[in-house]
Structures are given as C-alpha cells and as structure tokens.
Amino acid sequence: MSDTVVGYAQALAMLDALMAQTQAESATTCAQMETQELTLMRLQQLRQTLKPHDKAQMAAIADYYRRKSGAA
C-alpha cells in the first residue's frame with residue numbers, strides 16, 4: 001500500500017468512477033460477466049462501509065483506482 005492521502009469524498013468519487021468504468025466494460029463471456037458483477041458488488045460494499053476515519057482503506061482505494069485508470 002502506498003502513502004497516498006485522499007479524503008473521504010475523494011475516495012467515494014473514485015469508487016463511483018470505478019463502478020461506472022466496470023459497468024461500461026463489455027463482457028463477452030459468462031466468466032467475464034461474473035467477474036464484472038463480483039467487482040461491482042465489492043465496490044458497492046466498499047462504498048457503503050467506508051468510514052471517514054479509515055485512512056488505510058482510502059489509500060488502498062486510491063491505489064486501486066490509479067492501477068485501473070492507468071494513471072501513474
């Protein structure tokens with residue numbers, strides 16, 4: 001995990017963007033559709049359970065967002 005510092009609102013926005021990106025991906029096989037659904041469920045669960053004081057989880061979200069979006 002990195003030392004990335006993000007705020008609660010920014011982490012929520014990243015989760016929203018990740019969910020939108022996942023929904024926009026075209027799944028061509030049943031396995032891909034299942035993976036896509038599981039990813040969406042996990043992202044939604046993270047969004048619902050994230051607390052403003054959970055800095056480690058927010059850093060993990062930022063790292064995942066950066067990997068998925070291709071940002072450096």
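If a residue must be surrounded by 12 or more Cβ atoms within 10 Å (Cβ to Cβ) and of a type in the set (Ser, Thr, Tyr), how many such residues does region 29-46 contain?
So the answer is 2.
If I filter region 47-68 for residues that are surrounded by 12 or more Cβ atoms within 10 Å (Cβ to Cβ), outside any helix (DSSP H, G or I) and either touching a strand residue (DSSP E or B) at 6+ places or on another chain (Cβ under 7 Å) or without any contact (Cβ under 8 Å) to a residue 60 or more places away in the chain (or both), do I get at least one hit?
yes
Which one of Gln21, Gln32 is part of a helix (DSSP H, G or I), touching a Lys or Arg at 6+ places or on another chain (Cβ under 7 Å), of a type in the set (S, T, N, Q) and modelled with pLDDT under 95?
Exactly one residue qualifies, and that residue is Gln21.
The values are calculated or read from the model by the stated rules, or taken from the named source; none is laboratory data. Fair warning: this is a prediction, and the values are worked out from it, not measured in the lab. With ideal geometry, Cβ positions are generated from the backbone for all residues, glycine too; neighbour counts draw on all protein chains shown.
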